[in-house]
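Enquirer: First, the structure itself, so that you have it in front of you.
The values are calculated or read from the model by the stated rules, or taken from the named source; none is laboratory data. The structure presented is a predicted model; accordingly, all values stated were derived computationally and were not measured. Here the Cβ positions follow ideal geometry from the backbone for every residue, glycine too, while neighbour counts run over all protein chains shown.
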Amino acid sequence: MEHLQLAINEIRSRIPRLELRLEEPMKNHCSFRIGGPAAAMALPGSQEETEELCRLLRNMGIRPFIMGNGTNLLVTDGPLRRIVIKMGEKMGGINPRGETGLAAGCGATLARLATVAQGMGLSGLEFAHGIPGTLGGAVVMNAGAYGGEMCNVVKTTTFLDEYLRVSRFAGQEHVFSYRHSAFSDRNCVILSCDLELKRGDPREIRKCMRDLAERRRGSQPLDMPSAGSTFKRPERSYAAALIDQAGLKGYTVGGAQVSEKHAGFVVNRGGASFEEVIRVMEHVRETVYKTAGIMLEPEIRIIT
Ligand SMILES: Cc1cc2nc3c(=O)[nH]c(=O)nc-3n(C[C@H](O)[C@H](O)[C@H](O)COP(=O)(O)OP(=O)(O)OC[C@H]3O[C@@H](n4cnc5c(N)ncnc54)[C@H](O)[C@@H]3O)c2cc1C
């Protein structure tokens, strides 16, 4: 019997309460609306379940793919012969901690976190309200917008390390940099974080969130599926400006297009395939290199 099928049988018999979906279409879990069926998708509901699952898979020599809300992913349309662990809302509890802190599970969405903080009169997460990912994904990517970044609010992170030990990073140990953290290149599972915020006026916090949402709506193609900014910001420049200057706004391959509204986004105009997005990205990289001498690096994670 195939190794993955054996693992699926083991999960079913050893962790019967775990939500496990077979041949789950990844496009239903990714903001790009692209992605073929994953062999299995597990949706753990607790730290214990996550640990048990990871241990079982490790003992069978299987490395799962960990995802949050799928808003920074481009997934192959072919079958994804992997076990996906989705750290979603079931892992998204949010609780006050001390005067100005929040303790939150990795599956909490940034939108909900920012809304809870606003309701408690806590400032610091306004920038994150419009980022459509989870806390776990945002820590991995050191997500940021409008001058704010996760590194400014994350105090500690609890995670399963490569050896499945429950570990904790505090402050500098996260090694945050632009769209990067100590977790970006490691095989860890983020479980939860403590965030440190500041006292603020709930009305002003709400106003700031609304203003930023307005700016986003005005400049980003939020009505079309995408995975956000396709490329990282190169040093001393902006990917969107370079792509625009190279005349690539609207460049299309099949259903994939460089957004006419914001050149930094590749959008799915309907039915785009994985291959079409890759071809658009390659053309953009080659053309910008020719016109500006800069090789753009993908910000989105490509999963095959
Ligand atoms: C319309 C739109 C606007 C966006 N705007 C912004 C923006 O302003 N700023 C910005 O920074 N980003 C932006 N993004 C990109 C994206 O929302 C962020 O990168 C977000 O942090 C990704 O979170 P996620 O939960 O969706 O992670 P996913 O896309 O599911 O995963 C991203 C990476 O994190 C890993 N990961 C996720 N959860 C965990 C976990 N619990 N443990 C270990 N690894 C994990 C995955 O393996 C993957 O490598 C935007 C995306 C869209 C679609």
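Enquirer: Go through (1) among the polar types (S, T, N, Q); (2) more than 22 Å from residue 205 (Cβ to Cβ); (3) in a helix (DSSP H, G or I) and name the single condition residue 115 misses.
Expert: So residue 115 meets the others, but not (2).
Enquirer: Name the single residue, out of those in segment 213-228 being in a strand (DSSP E or B) and not hydroxyl-bearing (Ser, Thr, Tyr), that is farthest from the ligand (Cβ to nearest atom).
Expert: 227
Enquirer: Taking segment 229-275, which residues are within 15 Å of the ligand (Cβ to nearest atom), out of contact with any strand residue (DSSP E or B) (no Cβ under 6 Å at 6 or more places or on another chain) and not hydrophobic (A, V, I, L, M, F, W, C)?
Expert: Scanning segment 229-275 gives 229, 232, 233, 238, 261, 262, 268.
Enquirer: Here are some conditions: (1) in contact with a Gly (Cβ under 7 Å, 6 or more places away or on another chain); (2) over 21 Å from residue 105 (Cα atoms); (3) polar (S, T, N, Q). Residue 220 meets all but one. Which one does it not meet?
Expert: (1)
Yes/no per residue for (1) among the aliphatic types (A, V, I, L, M); (2) at pLDDT 95 or above:
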position	(1), (2)
123	no, yes
140	yes, yes
152	no, yes
162	no, no
167	no, yes
171	no, yes
178	no, no
181	no, yes
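Enquirer: Please verify whether residue 144 is near the ligand (Cβ under 7 Å from one of its atoms) and either touching a residue at least 12 places away in the same chain (Cβ under 8 Å) or on the phi > 0 side of the Ramachandran plot (or both), treating the condition exactly as stated.
Expert: So residue 144 fits the description; yes.
Enquirer: Is there any pair linking a residue in segment 244-260 that is over 20 Å from residue 218 (Cα atoms) and in the same structural domain as residue 278 (by TED's automatic domain parsing) to one that is basic (Lys, Arg) and outside any loop (DSSP other than H, G, I, E, B), with Cβ under 6 Å and at least six apart or on different chains, and which?
Expert: Cβ pairs passing all conditions: 253/279.
Enquirer: Follow-up question, since we're still on this one. Taking segment 175-212 as the region of interest, how many residues are part of a helix (DSSP H, G or I) and either within 11 Å of the ligand (Cβ to nearest atom) or under 19 Å from the mean Cα position of the chain (by Cα) (or both)?
Expert: The qualifying residues number 1.
Enquirer: Further question on the same structure: So which pairs qualify, if the first residue must be in segment 123-135 and near the ligand (Cβ under 7 Å from one of its atoms), the second must be outside any loop (DSSP other than H, G, I, E, B) and β-branched (Val, Ile, Thr), the Cβ gap must be under 7 Å, and the two must be at least 6 apart or on different chains?
Expert: 134/109
Enquirer: When both residues are 6+ apart or on different chains and their Cβ atoms are under 6 Å apart, which pairs have a first residue that lies in segment 275-304 and is in the same structural domain as residue 247 (by TED's automatic domain parsing), and a second that is away from the ligand (no atom under 16 Å from the Cβ) and basic (Lys, Arg)?
Expert: Note: pairs meeting the criteria are 296/285.
Enquirer: Which condition from (1) farther than 24 Å from residue 141 by Cα; (2) part of a strand (DSSP E or B); (3) of a type in the set (A, V, I, L, M, F, W, C) is the one that residue 248 breaks?
Expert: Condition (2) is where residue 248 drops out.
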